[in-house]
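None of the figures in this text is laboratory data; all of them are computed from the coordinates on show. Model, not experiment: these values are computed from the prediction. No Cβ is skipped: glycine too gets one built from the backbone with ideal geometry, and neighbour counts run over all protein chains shown.
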Amino acid sequence: MASDKKFDQATANLLVKTGFGLSIGIVASALLFKRRMWPVTFFTGAGIGAAYADAQKIFDSASTLGRPVSAVNRTNTDSKNLSA
């Protein structure tokens, strides 16, 4: 059941951030860039990328900045700090 909730959260996050990026892209295209297509594509992609990064955090909540947090890592860094 927990993975279903995580998947639902990640999907909802994807829809919201993609829609938000699409909206910003349309407004930027209409107001600033003479109705070019690249702002729409750029901001939509940025929304998808942000949602992907959040989904990684949702599904792998035990890691920080891509590295797993464990007792072994903490004791190694603590012993290095004490010897310096």
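What full-extension length gain, to one decimal in nm, is calculated for ASP60 and TRP38 as 0.36 nm per residue of separation minus the Cα-Cα distance? Additional length available on full extension: 4.7 nm.
Near SER29: Cβ cut-off under 15 Å, other residues only, Lys/Arg at +1 and Asp/Glu at -1. The net charge is +3. With each label modelled as a point 7 angstrom along the Cα→C-beta vector, the SER3-LEU15 pair spans 2.2 nm. Potential lengthening of the chain between ALA46 and LEU22 amounts to 7.7 nm, from the contour at 0.36 nm per residue minus the alpha-carbon distance.
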